[in-house]
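Accompanying notes for the structure given below.
Every number in this text was worked out from the coordinates using simple rules, so none of it is lab data. Computed from a predicted structure; not experimentally measured. So basically every Cβ, Gly included, is an ideal-geometry build from the backbone, and we count neighbours across all protein chains shown.
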Amino acid sequence: MNYSSVSSKSIIQRLTSRYGVTISKSDAIDWIGDAIEEIGYHVGFYNKIEKLKVVNYKIPIPCDFVSLNYFIYNGKKLKYGLPDNHTTTRDHSAEYDDVMGLLNANFKLELDDCCVDTNQEEKEYHIETYKKRIAYLESEFKHNPIDKDFYYTNSGQGYGTNATGYVYMFYKAFPLDDDGFPLIINEIKYRNAVMKYVLLCLLSNGYNHPALDYPTVLRESELAISRAANEHFKMTNEQLEDFAGNWTNMLFRIKSTYNYYSNA
């Protein structure tokens, strides 16, 4: 069933008008988000591109984030995961020196082994070959490989292998209004379920009102959420008639007396 959408901010305005309560924006958005998760995401997500500044390797996650498509950095799509062990320090650390020492020692052993009975020309050829090999390996350790940039996530935070700069984030986003409030479907059962859930959160956080008690609001909230979740799967009268007509057309060649409402 298709519905138009409306800002969930209207729910907060309604509660303020009815009960005279003041709800902070952060609490309101947090509770509305929980209500939407309880009922179900009945509005459509959309693809979005956001330019994000990387600070100390951290990539900020937008508040409307639902799921990630990919990151672009320096014109290339970032791979997910951590760099492999080809990426090492560039500052000639102890680890770097140890690795290069082993490579050079290995080079000398292999050179002595293969060049015992060879003439000077062949020996020079092997020396040049191994020098190129060492130079290549040294370059691999001193510089990042072509696919040097990665990203990963940890506890809801994004991280990149670039300490600074900008990345472009391509992701599925939840629709929000201009003030950051989620959009919800404009259907009375859904709006009522969100309002009851927010009201329940208010009572859970110490709010008191003579016309409200927690057990009653809890029951009303659970019932409203159940109704709103199920309402989404119902057909309108027009959709039901279309389905019935299509069903009849499908069965016409099997038995012309059948119809959708028949028990035959």
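General observations
- Under 15 Å, Cβ to Cβ, from Trp31 - net charge with Lys/Arg +1 and Asp/Glu -1: 0
- Translational diffusion coefficient (Stokes-Einstein; Kirkwood radius from C-alpha pairs) of segment 20-80 at 20 °C, 1.002 mPa s, in µm²/s: 145 µm²/s
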